[in-house]
Number of protein chains: 4
Amino acid sequence: MSIEPKIRVGVLGATGYTGVELVRLLLQHPNVTITTLTSERSAGEKYADVFPTFRGQCDLKLEKIHAKEVAKQTTMVFSCLPHQTSMHHVPTLIDYGSKVIDLSADFRLDKLKVFAEWYGEHSAPSLLKEKTYGLPELNREAIKDAFLTANPGCYPTATILGLAPLLKEQLIVTSGIICDAKSGVSGAGRPPKQLNVYGEVNETLRPYGVDKHRHTPEIEQELSKLAAKDLLIRFTPHLIPMDRGILATIYAKPIKKMSTKDLLLVFEKFYGKEPFVRVLGEGQFPNTKHVRGTNYCDIGVHYDARMELIIITSAIDNLCKGAAGQAVQNMNLMSGLTETTGLMGTALVP
Amino acid sequence: MSIEPKIRVGVLGATGYTGVELVRLLLQHPNVTITTLTSERSAGEKYADVFPTFRGQCDLKLEKIHAKEVAKQTTMVFSCLPHQTSMHHVPTLIDYGSKVIDLSADFRLDKLKVFAEWYGEHSAPSLLKEKTYGLPELNREAIKDAFLTANPGCYPTATILGLAPLLKEQLIVTSGIICDAKSGVSGAGRPPKQLNVYGEVNETLRPYGVDKHRHTPEIEQELSKLAAKDLLIRFTPHLIPMDRGILATIYAKPIKKMSTKDLLLVFEKFYGKEPFVRVLGEGQFPNTKHVRGTNYCDIGVHYDARMELIIITSAIDNLCKGAAGQAVQNMNLMSGLTETTGLMGTALVP
Amino acid sequence: MSIEPKIRVGVLGATGYTGVELVRLLLQHPNVTITTLTSERSAGEKYADVFPTFRGQCDLKLEKIHAKEVAKQTTMVFSCLPHQTSMHHVPTLIDYGSKVIDLSADFRLDKLKVFAEWYGEHSAPSLLKEKTYGLPELNREAIKDAFLTANPGCYPTATILGLAPLLKEQLIVTSGIICDAKSGVSGAGRPPKQLNVYGEVNETLRPYGVDKHRHTPEIEQELSKLAAKDLLIRFTPHLIPMDRGILATIYAKPIKKMSTKDLLLVFEKFYGKEPFVRVLGEGQFPNTKHVRGTNYCDIGVHYDARMELIIITSAIDNLCKGAAGQAVQNMNLMSGLTETTGLMGTALVP
Amino acid sequence: MSIEPKIRVGVLGATGYTGVELVRLLLQHPNVTITTLTSERSAGEKYADVFPTFRGQCDLKLEKIHAKEVAKQTTMVFSCLPHQTSMHHVPTLIDYGSKVIDLSADFRLDKLKVFAEWYGEHSAPSLLKEKTYGLPELNREAIKDAFLTANPGCYPTATILGLAPLLKEQLIVTSGIICDAKSGVSGAGRPPKQLNVYGEVNETLRPYGVDKHRHTPEIEQELSKLAAKDLLIRFTPHLIPMDRGILATIYAKPIKKMSTKDLLLVFEKFYGKEPFVRVLGEGQFPNTKHVRGTNYCDIGVHYDARMELIIITSAIDNLCKGAAGQAVQNMNLMSGLTETTGLMGTALVP
């Protein structure tokens, strides 16, 4: 029963999977009032009619985006708009006084040139530099002061959290790192396309984006910061027949001989106080269902003494810690709230 | 930040699917402290080791059942023990002062003879009569005063809620009612058996228990009370390749000609103030994913004017409104709490 | 090693799920050469590039439809075109000498008026009357002489086969028959739409088309012939999270008291010599996985003595016995081949 | 219509997933008569009662194993018995004149010491040396003369076929090879255990056997032969929520700079005449559904020029090319039949 006024929040692009997950989390958040939900396709409809799951829980109507109006109604805006759309609205939101957490890729990269190479021209280049990269475990203090937070991609979150302790402590060779990643189908988005038709993805498994995937530059940018030197990574994503979940299986060479126990000490020290990173015990490895619908990142490590190779396995829910949950975590930090507020739910079994 | 003392709660049989769902809900409940979790198979292990989902959320160890000890540690006990096991522990719990919500079938039937026919001998026959049937929408006031609540079965919950308004208002013929029901695989329980092996149930659909299903007498008992006369029902369950969810498709003959609008008026009047029953609009029908992990029962109705037949479709999560969620709803009533406390989460999309 | 010349076959609309299933079956058929595959969307592409499953098995390129040309290249054409498209090509194919098996709904209904009510204007009304309804178990002799066979719909196949013995023998009341049907997602077709996106249908169950489904008039037409009087049926389809399979659970009232054994005698007599209808023993019921990828229809029956109600459960693969397999069965009959040729594969386990 | 007598075949352990897949394939094989099916658990039952899929296709009864009797009834025996059981029956079968294809791990390893380390004592050590390793693409001529063929494991088949051309041509560094493998749940077998219960594996993804997996020594043994030097491999399997399918994603360092085109030339030359290995074009990668139920191995390759790293993706059906299909391929070779006989079916779409 807090006396302080609630945060007035808007969600742009509230009918994509990331937007819906945000609304789900925000409705359970004790310090938030949702004032605005936008959707270009479904403007005018009640949110609970588009997503009957929300019957009895959300009375809002969807609106078209008017960034200025949204800014007036809110103190915090989450943009779940597509890449290259979000950047056209974010400057206005900021100019008119809202803090913004952007869940698209538009502000994740630091360098205009890299952005241009992967996405095209940027309409708000100065904000690229002023944004804060929203991975709380690595960037907590900066996020507290941010006015524009670029919420990390799902694959980057799992991969960076899996490698951060070892890169930071300079325990692995920075060349030749391999990330073999696996994602549930919600990563392909909600709008219909041949790729996400049930019959095409059910009961099957395949790699995709083997030669080029847009999350690679983001991962490399952040890992390079951790390593304090430029590095490259091999990133191979696969599509898995399940709704949610990402598992990153990462292979890296140690600088010197180690053991699984040594590795665990490093990870436990690095993440010991983190509320959302759970380092598993020796011989234990993550299971995406254990983090489904939660903001946890579960990490299991193994030292292959025969090969002298480190194996890190890192699991998140792509829509939660990989998107909306992490965005709420960022909102909590940017708003002076306890970081875990509204994020302590447990995964369903089964 | 309530000042009143929390309810001290125990869960017997905490490692079955129903028990886990209870623990998930109770951990989120603001007025509850879990003091005791039991499991005969896993006694001595930490709960979070058996279910890694609970790492960082539950520090309890599993114990073997000592009913007397459990009663001392609790004011409310949920029994998720198997049929014919539960009835051996419940009397002791009650004698030593705990209220009990029993999620087995041991106290659902009213008549000893019927129990004997379907399950065998009853070890606590007097409690069969003294228990309260825990379907809050029909029995709210009695539950508030109950010391032993028999939590309804999953199929009965969906079926009874689907038929209650029409039987109560005497709008349907009481003979010839058909319930064609469909359930996710968690209904078959967590212990391994050929029936719930992945390869046997994945990508397939089949009826089961066509000639005899133990939920039939429970359904008929409660529907007969509503109709104020004895009635029979045809009940055909089917197994569906999904974790959770029940859909009951019910067919009944109207006493007189009606329309879908007429039907909706009846249902809206009956359930208008119910927090957990959502009557859908004309032309809308339930989807089990919309209620997954929630305590909602979604109901859609249709009047087939060509056939003069009423079709009612009723969806719940078998583990939540069909078991653990309803049990928490009962606990809230039995404890003088707001009925919806701890039960207002939204289903994941997707 | 047959000496007789192979049947030259064309498939119109070869890139929908029904078309692909046909190609799969025809490639295994010892008496067939596929000469022509058409697709408006993918014309010019190699079939094995669109469906990599067929690499090394099919070298054909997809063409646009030129009905006259197709007729020249073939003696038998399967049309898997959409409703209201097929009827524009079929007359030309027939005029130029090909026999046609039409898998759309365009020729299934007998009466122009009923067609108009459900689909709109018909461009080839005389063929509506001249076609043969292609359900071999009921219509074998006529099919042998047919030049245009209307291949039954998937739901109608399961439902009609389930009811035929009882209607033919006048053992059930013709009013009040209920068919509660369940189908896998491939029934919704291959082109992307919100309805068949993985996240919308995975892990969930829902009814659809409750107030009106286009298969109803086809079912009623054929059942009425069997009953020798007009009858209506309540038909409620549900969408099940699996690729393939239909289960029809049918409820009908007996004319007089019976037993399950009586029912089995009726079904065994009626279907005893049928190669593709398997009547299951007492207490056994179908499982869609047991017929997946096959041309079988598995039927299990039960007499509910308490309710005096007959329950028939009938399972097929919607794309095989419900479409392409039955079409090949019809081709065999129309071509003087053994009816089971090319159709004796077994379902995968699991 | 062959005049030559059919091969008389027995299947030991015919009720496990591998055994059932064998029966399915053998029933479709034009040169085979199945004489004997054994099962310790289900002896005395009709096969079609245990697996109703086979109703109307197989009339055999299951028997207990009497190796001597089986040998009399057969010329070829497939043993699908568990590891360390098979080796007790194989010597008798051979002594009494049957050829044997063993699908367990009992004869795959060459060295007694390695076998002992991973499995325990071997009861027929001389046969370990005399057996032929049954990977036809690498060992065809030897298999033609074999009397005891050790059928490769599923993971080894996918991995060895993926690496063979590069190791044989000495194009990759033999240290540091990584195989990140993914398998459907049927790999865990048919008998119920917590691991393969639907709710435990559905909608989730996890690594397993990260520190030790029994397929590692088999893979290393065969790769070392190809490389003509001892090598080690990092092998990390993952469990995927689908019935069938294996995908191996393999990472290896080139000896010198290459391109994807160079890689494709190597693979196309190596596998150009193979009926069951399909090398995909540039930018194409396998999809396990494309090989489901078939004997194909689909391979896609990519050269990562930034990292100077080779990525090979190799997909098979674990029960078919990874077990029963490959066993039939071996039977064809051992019996002087065309290698592809009975194995040219196409995968279901979808």
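If I fit a long axis through the Cα atoms of helix B:260-271 and take the longest principal axis of the Cα atoms of chain B, what angle between them do I get, 0 to 90°, rounded to 10? Result, in degrees: 30.
Pairs of Cα atoms in chain D fall into 10 Å distance bins, from 0 up to the last occupied one, in shares of 5, 25, 35, 24, 8, 1, 0 percent. Taking the C-alpha atoms only, the angle from helix C:86-95 to the longest principal axis of chain C is near 60 degrees. For peptide D:173-185, the mean count of partner chain Cβ atoms within 10 Å of a residue's Cβ comes to 4.
Axis between B and D by rotation; chain B residue with nearest Cβ and distance in whole Å recorded as B:PRO192, 2.
Over the range D:12-67, what lengths in whole Å, largest first, do the semi-axes of the equivalent ellipsoid take, defined as the square roots of 5 times the eigenvalues of the alpha-carbon gyration tensor? Mind showing how you got there, number by number?
Working: eigenvalues 54, 33, 21 Å².
They are 16, 13, 10 Å, listed largest first.
Taking every C-alpha pair closer than 8 Å and separated by at least 6 residues, the mean separation divided by the residue count of chain A gives a relative contact order of 17 percent. Among the trypsin sites (Lys or Arg not before Pro) in the range C:1-110, those placed in a DSSP loop whose Cβ has at most 12 other Cβ atoms within 10 Å are C:ARG41, C:LYS64.
Expressed in Å, the radius of gyration and Dmax of the Cα atoms of the range B:101-190 are 14.7, 40. The long axis of helix A:325-334 is offset from the longest Cα principal axis of chain A by roughly 70 degrees.
Within the range B:182-266, which trypsin sites (Lys or Arg not before Pro) sit in a loop by DSSP and count at most 10 neighbouring Cβ atoms inside 10 Å? Numbers along the way, then the final one.
Numbers: sites: B:LYS182, B:LYS193, B:LYS212, B:ARG214, B:LYS225, B:LYS229, B:ARG234, B:ARG244, B:LYS256, B:LYS257, B:LYS261; in loops: B:LYS193, B:LYS212, B:ARG214, B:LYS229, B:ARG244, B:LYS256, B:LYS257.
When the trypsin sites (Lys or Arg not before Pro) of the range B:182-266 are filtered for loop state and at most 10 Cβ neighbours within 10 Å, B:LYS212, B:LYS256, B:LYS257 remain.
For a modelled paramagnetic label at B:ALA142, 7 Å from Cα along Cα-to-Cβ, the residues of the range B:197-233 in reach, with backbone nitrogen under 13 Å, are B:221-228. Counting only residues at least eight positions apart within a chain, or on another chain, the lysines with an alpha carbon under 20 Å from that of D:LYS253 are A:LYS212, A:LYS253, D:LYS168, D:LYS225, D:LYS229, D:LYS261.
How many partner chain Cβ atoms sit within 10 Å of a residue's Cβ in peptide B:284-297, on average, as a whole number? Can you show the working numbers first?
Details: counts 4, 9, 5, 10, 5, 12, 7, 4, 4, 4, 3, 0, 4, 0.
Mean partner-chain Cβ count within 10 Å for B:284-297: 5.
Starting from the label point of B:LEU265 at 7 Å along Cα→Cβ, the same points in the other copies fall at 5.2, 7.8, 8.2 nm, in ascending order.
Using a ≥ b ≥ c from the Cα gyration tensor of the range A:255-313 (square roots of the eigenvalues), is it rounded, prolate or oblate, where a/c under 1.5 gives rounded and otherwise the larger of a/b and b/c decides, a/b for prolate? The shape class here is oblate.
Does the range B:133-234 come out rounded, prolate or oblate, given a ≥ b ≥ c as the square roots of the eigenvalues of its C-alpha gyration tensor, rounded meaning a/c under 1.5 and, failing that, prolate meaning a/b above b/c?
Numbers: a/c = 2.75, a/b = 1.52, b/c = 1.80.
Here the range B:133-234 falls in the oblate category.
When the Cα gyration tensor is reduced to axis lengths a ≥ b ≥ c, the ratio a/c is 1.5 or higher for the range D:1-101, and with a/b not above b/c it is classed as oblate.
What value does the range D:155-319 have for Rg/Rh, both radii from Cα atoms and Rh as Kirkwood defines it? List each step's numbers first, then the result.
On the way: Rg = 15.9 Å, Rh = 16.3 Å.
Ratio of gyration radius to Kirkwood radius for the range D:155-319: 0.97.
Once both labels are positioned 7 Å from their Cα atoms along Cα-to-Cβ, the gap between B:SER126 and D:SER126 label points is 7.8 nm. As a size descriptor, the averaged projected area of the C-alpha convex hull of the protein assembly as shown was calculated at 50.4 nm². Label separation (B:TYR208 vs A:LYS111): 5.8 nm, computed from points 7 Å beyond Cα along the C-beta direction. Simple spin-label estimate for D:SER224 and A:LYS229 gives 3.5 nm between the two label positions (7 Å along the Cα-to-Cβ direction from each Cα).
No value in this document is a laboratory result; all are computed from the given coordinates. The shown structure was predicted, so the numbers you read here are calculated from the model rather than taken from an experiment. Positions of Cβ are backbone-derived with ideal geometry, glycine not excepted, and every protein chain shown enters the neighbour counts.
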